[in-house]
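K.L.:
Submitted below is the structure of interest, expressed as structure tokens.
The values are calculated or read from the model by the stated rules, or taken from the named source; none is laboratory data. A quick note: this is a predicted structure, and the numbers were derived from the prediction, not measured. Every residue, glycine as well, gets a Cβ built from its backbone with ideal geometry; the counts of neighbours run over all protein chains shown.
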Amino acid sequence: MSIDQIPIGKFSLMTRLSQKALRLYDRKGLLVPEEKDSFTGYRYYTVPQIEQGMKIKTFTFLGFSLEEISMLLDAESAGNYEFIETCFRKRLDEVRLEVGKLQKIEGILQGACKHSGKVMEIFKMSVTEPVIKEIPELRVISKREKGNFVETIGRLISEICACVSSPENQRNHVKTTGPIMFLCHDEEYKETGADIEIALPVTGRVSVEDPKMEIKTLPAIRVVSVVYRGPYHGVEAGYNKIFSCTEENNLETVMPSRELYFNDPAEVPEEELITEVQIQVREK
């Protein structure tokens, strides 16, 4: 062993990376020891590799996957700092979503802890009894994308509202004729890559510049509907009631489902948010 070779145990101590992690980074090609003893299998590192180890540790702390870390290190070697900045901005958006979710969880838990005798009240959601009704055709301005629910729904709502309130559409007397709605086209829940459509009923001569935005007519449908009052993360209570109703009445559900939003989370407390859930049905 030459003087600049560092055994894995000492390298682990110097970088605060466990030997298990170092072996994993070796297998992934992220931090390969400068030398391996062919007889004992011992790994030896060098002083310049300490900096590489610290970069990997920092990227891991920031929440990047090993695959992403590999691409970031390759980009740094190639001087592709634009790619690195793009990755950092994407991770920042993800962290902001996580922070928002944690703040909501904190608020719920704080409320429950203040009323220790009513801790289980957080599971009691305000949902009306299901009703079966006919929904007429609706002329809407619509945009459909794949993404995660919180970010994509919020962004598409902002884009559609901005389009309707543009100076040209206001000159054309474009008016909204109903609440904005979310149409879910997936047959199952997806954390990412969900098929999301946002639609807003409108009248008037609508001008649309975004090529992904369109004016179309949603068909008339028969639905089972409930009205849910409370934070969006509890809207599953409405779906549960609807699916119980469809089973009891021997009805088959048809996608997409619809969620209609009657007030703005920026203007009212979460517990006062009102959402109507509609799921199309037909006889089995």
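K.L.:
Go through region 28-45 and report how many residues are surrounded by fewer than 17 Cβ atoms within 10 Å (Cβ to Cβ) and modelled with pLDDT of 90 or more.
P.N.:
3
K.L.:
Filter region 19-59 down to the residues that are of a type in the set (D, E, K, R) and part of a loop (DSSP other than H, G, I, E, B), then identify the one that is farthest from Leu72 (Cα to Cα).
P.N.:
Filtering region 19-59 for residues that are of a type in the set (D, E, K, R) and part of a loop (DSSP other than H, G, I, E, B), the one farthest from Leu72 (Cα to Cα) comes out as Asp37.
K.L.:
Suppose we filter Gly29, Gly63 for residues that are under 26 Å from the mean Cα position of the chain (by Cα), outside the structural domain of Glu191 (by TED's automatic domain parsing) and small (Gly, Ala, Ser); which single one remains?
P.N.:
Testing whether each residue is under 26 Å from the mean Cα position of the chain (by Cα), outside the structural domain of Glu191 (by TED's automatic domain parsing) and small (Gly, Ala, Ser) leaves just Gly63.
K.L.:
Give the residue that is farthest from Thr275 (Cα to Cα), with candidates limited to residues of region 177-207 that are hydroxyl-bearing (Ser, Thr, Tyr) and in contact with a strand residue (DSSP E or B) (Cβ under 6 Å, 6 or more places away or on another chain).
P.N.:
Once the filter is applied, the top-ranked residue is Thr203.
Matching residues to (1) surrounded by fewer than 18 Cβ atoms within 10 Å (Cβ to Cβ); (2) touching a residue at least 24 places away in the same chain (Cβ under 8 Å); (3) in a strand (DSSP E or B):
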residue	(1), (2), (3)
Phe182	no, yes, yes
Glu191	yes, yes, no
Ile198	no, yes, yes
Arg205	yes, yes, no
Glu209	yes, yes, no
Lys216	yes, yes, yes
His233	yes, yes, no
Pro256	no, yes, yes
Asn263	yes, no, no
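K.L.:
Among the numbered criteria (1) within 24 Å of Val226 (Cβ to Cβ); (2) in contact with a helix residue (DSSP H, G or I) (Cβ under 9 Å, 6 or more places away or on another chain), which one does Ile135 miss?
P.N.:
Condition not satisfied by Ile135: (2).
K.L.:
Restricting attention to region 227-244, does a residue exist that is of a type in the set (D, E, K, R), more than 22 Å from Gly100 (Cα to Cα) and under 24 Å from the mean Cα position of the chain (by Cα)?
P.N.:
No: zero hits.
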